[in-house]
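These notes concern the structure reproduced below.
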Amino acid sequence: MYLKNNRIADIVPEVTEWRRWLHQHPELLFDLPQTSRFIADRLREIGVDEIYENVAETGVVAIINGMADGPAVGLRADMDALPIVEATGAEHASQTQGKMHACGHDGHSAMLLGAAKYLAETRNFAGKAVLIFQPAEEGGVGAKAMVDSGLFERLGIHEMYGMHNMPDLAVGEFGLCDGPTLAATDFFYVDIEGVGGHASQPHKCVDPVAAANAIYNGFQSIITRNTDPAKNGLISVTAIQAGEANNVVPQTASMKGTVRNLHEDTRDLIEKRMHEIVAGVEKSHGVKATLHYDRLCPVTVNHSDQVDRAAAAAIQVVGADKVDREQPARLGGEDFSYMLQEHPGAIIFIGNGASAGLHHPEYDFNDEAIPFGIAYWAKIVEDRLALKE
């Protein structure tokens, strides 16, 4: 199998060191000065042909030219961390309190750097490998900002490929599916204002807590009674805040949460019904209630031909029995969706083994996955930009 490539095996120890350095120095959203500088410095040492820095504030894009002319294929890794206190106890744990790489973006970036090193040495392809290191995947829609920069269009990218680690998928295995793969991700915020007062005189008050409860129950009924059961999503209210004292009806209440689904028409229906429910409760309870609905990223939809190509590359790395073409779609969000709206492509999952879940304080990227990720990236480029015999 392709994984037995000796040069890739030789690269792995250095890539592991890079991954652990990135894990120790987590940064958030677009504020990635150390991370982007580290990645750009490694790319210069590797000897890529072109580097574009400060794309969408802190993004980095590198180009490696093959042995002959041809189209351009984009490979994307995300770089940002999360505002979570790490609890792994690892020697390479975060050195910044309150920030950690709890989603494996350190591993994603390190594997793409490893692929850059391999591809810059071998150049066994015809065209351009465009390596994209993206900021702000965790809620900042950095992918959209990079697309909006116009750089990908200027570079003439033909196809786009992404990769994300997946806990509970065994190390050395890959999974992907055709069509909707990851959910549209939206956030919502509800603010309610009533009339506060003494809890012993509720008839003189307008209770925002009761209104919040009615809105909560109304939101839950959308999924069970309004959406198509074959393609519904979820509404998660993740915070409700109101009052402090036992004997006071508060003046205000608020709630927030997230909406996830795999179908854009379902997404439209949910947003519409949420606005209607808030307006109805406002009228029936006599409060002032407002809903702010923030669409972050659309459904991530894999393209059929590129799914075939991604699966074929993965099979060459690990064998057909280790590649699941029918992985279930997941309700996690991914702003790679914006890149797939502009270019045909696919995102594939790489096994992280029996680790803690994504966004968990005990999560850590599994370094044993590194050679599989490097080999996959290399095969995508060599297959999609194959030299003519």
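Taking Cα pairs under 8 Å and at least six residues apart, what relative contact order does the chain come out at, in percent? 25 percent. Projection of the Cα convex hull of region 215-315, averaged over all directions and equal to a quarter of that hull's surface, yields 9.5 nm².
What is the list of residues in region 327-358 whose amide nitrogen lies under 17 Å from a point 7 angstrom out from the Cα of E368, following Cα to Cβ? Zone members listed by number: 350-357.
Select from F133, N6, Y293 the residue farthest towards the positive end of the dipole of the chain; place +1 on Cβ of Lys and Arg, -1 on Cβ of Asp and Glu, and compute about the Cα centre. Of F133, N6, Y293, it is Y293. If only the Cβ of Lys and Arg carry +1 and only the Cβ of Asp and Glu carry -1, the dipole of the chain around its Cα centre is close to 520 debye.
The shape of region 262-389 comes out prolate: with a ≥ b ≥ c from the C-alpha gyration tensor, a/c is at least 1.5 and a/b beats b/c.
Annotated for the chain: lysine pairs at least 8 residues apart or interchain, Cα distance under 19 Å, count 16. Report the FRET efficiency, 1/(1 + (r/R0)^6), for F187 and M67, where r is their Cβ-Cβ distance and R0 is 51 Å, rounded to 0.05. Working from the Cβ atoms, E equals 0.65. In this simple spin-label model, placing a label point 7 Å from the Cα along the Cα-to-Cβ direction at both K204 and I240 gives a separation of 2.6 nm. Summary value for region 184-297: 44 percent relative contact order, contacts being C-alpha pairs under 8 angstrom separated by 6+ residues. Per residue, the chain reaches -11500 deg cm²/dmol at 222 nm when only DSSP H runs of four or more residues are counted, each adding -39500 (n - 2.57). For region 121-216, the alpha carbon convex hull comes to 231 Å³ per residue, rounded to a whole number. What residues from region 100-136 fall in the zone where the backbone N is under 17 Å from a label point 7 Å along the Cα-to-C-beta line of E45? The answer is 107, 109-121, whose backbone nitrogens lie closer than 17 Å to the label point.
Structural descriptor for region 260-389: relative contact order 27 percent, calculated from alpha carbon pairs under 8 angstrom and at least 6 residues apart. Once both labels are positioned 7 Å from their Cα atoms along Cα-to-Cβ, the gap between R37 and N217 label points is 5.6 nm. The alpha carbon convex hull volume per residue for the chain rounds to 144 Å³. Given a Förster distance of 45 Å, report the FRET efficiency between L387 and H275 from their Cβ-Cβ distance, rounded to the nearest 0.05. Once rounded, the FRET efficiency stands at 0.20. For R295 and E121, the FRET efficiency from 1/(1 + (r/R0)^6), where r spans their Cβ atoms and R0 equals 41 Å, is about 0.45. Sparse packing (at most 15 other Cβ atoms within 10 Å of the Cβ) combined with a DSSP loop state is found for the following GluC sites (Glu not before Pro) in region 318-359: E326. Scattering from the C-alpha atoms of region 1-160 alone, worked out with Debye: what is log10 I(q)/I(0) at q = 0.08, 0.09, 0.16 1/Å? Those come out to -0.23, -0.29, -0.88, one per q. Please determine, in degrees from 0 to 90 and to the nearest 10, the orientation of helix 370-384 with respect to the longest principal axis defined by the Cα atoms of the chain, where the helix direction is its Cα long axis. Helix 370-384 and the main axis of the chain meet at about 70 degrees.
Bear in mind that the values in this text are calculations on the coordinates, not laboratory data. Note that the structure is a prediction, hence the values are computed from the model and not measured. Every residue, glycine as well, gets a Cβ built from its backbone with ideal geometry; the counts of neighbours run over all protein chains shown.
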